[in-house]
Amino acid sequence: MKTEIMFKNIKAFVFDVDGVFTDGSVLAMPDGDLLRTFNAKDCFAVRMAVDNGYPVAIVTGGCSQSIMHRAASLGVKARDLYQLSRDKRPDFLRFCSDYDLQPSEVVFVGDDIPDIPALREAGLAVCPSDAVTEVKEACNYISPFQGGRGCIRDIVEKVLKMQGKWHFDPTAPVSANYPDHITQLSKKTGRNV
């Protein structure tokens, strides 16, 4: 099947974190939390997908409060955040089942060896340009962008554009769940976060 046809059939997105949302770097904090840098353009694309009604999951071997907060700020439901996922295939299939989706209707984006079983199940297997060789061999599409440098934006924008859903409405209600202090600030300023 041609990749373009695969893009048109996508109904949901599943992403790894380290090496996909991020460049793979982590900053170890004294309290044990690991901080990551997320690309704003990648995150905007995820918000566009969520705001257009696409289910989105994050399946990661990592576990961090910062991942939980970032996922919530993107509109990813808490039940669709799978942390400490050593074998990502069952979590990917559980997500598909929860939304009555066939794996062939879901894109999985991964970059390293633990992602391969889930990539093999997905209808569209995607990786960033700096993924390991074994992952590239398992993918239908290799983004020209690196992890944490536009890979997610690339795939989400392609899918939404091919389906006629890549448009931004600044007046639409926001699906994201922000921490209380940001919500309070938006109320004070009259801004829609």
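What segment 57-112 shows is 45 Å² of accessible area per residue, with the surface traced by a 1.4 Å probe over protein heavy atoms.
Computed from the alpha carbon atoms alone, the convex hull of the chain holds 114 Å³ per residue.
Given F92, I10, S104, which one lies farthest toward the positive end of the charge dipole of the chain, if we put +1 on the Cβ of every Lys and Arg and -1 on the Cβ of every Asp and Glu? Going by the Cα projections, it comes out as I10.
Which of the peptides 108-118, 31-41, 137-147 is most tightly packed, and how do the rest follow, judged by the mean count of other Cβ atoms within 10 Å per residue?
Numbers: 108-118: 24.3, 31-41: 13.7, 137-147: 18.6.
Top of the packing list down: 108-118, 137-147, 31-41.
If you run the Gaussian network model on the chain, springs between alpha carbon atoms under 10 Å, then out of M162, M29, M48 the most flexible one is M29. Applying 1/(1 + (r/R0)^6) with r as the Cβ-Cβ distance of D169 and H69 and R0 = 30 angstrom yields a FRET efficiency of 0.75.
Each peptide in 85-91, 16-22 receives the mean, over its residues, of other Cβ atoms within 10 Å, and ordering these scores from highest gives 16-22, 85-91. Could you work out what % of the accessible surface of the chain is carbon and sulfur, using a 1.4 angstrom probe and leaving DNA, RNA and ligands out of the count? Of the solvent-accessible surface of the chain, carbon and sulfur hold 52 percent.
Separation of the alpha carbons by more than 21 angstrom is noted, of K2/K77; K11/K161; K8/K77; K88/K165, for K2/K77; K8/K77; K88/K165.
Evaluated with a Cβ-only charge set (Lys, Arg +1; Asp, Glu -1), the chain carries a dipole of roughly 680 debye about its Cα centre, given to the nearest 20. Measuring nothing but how far apart in sequence close Cα pairs (under 8 Å, 6+ apart) lie, relative to its length, segment 42-100 scores a relative contact order of 36 percent. Among E134, E105, E121, the residue with the largest mean-square fluctuation in a Gaussian network model of the chain, with springs joining Cα atoms closer than 10 Å, is E134.
The values are calculated or read from the model by the stated rules, or taken from the named source; none is laboratory data. The shown structure was predicted, so the numbers you read here are calculated from the model rather than taken from an experiment. Note that we place each Cβ from the backbone using ideal geometry, even for glycine, and neighbour counts take in every protein chain shown. When the accessible area is computed, the model is the full protein with side chains, heavy atoms only, and any ligands, DNA or RNA have been set aside. Shrake-Rupley method; radii C 1.70, N 1.55, O 1.52, S 1.80 Å.
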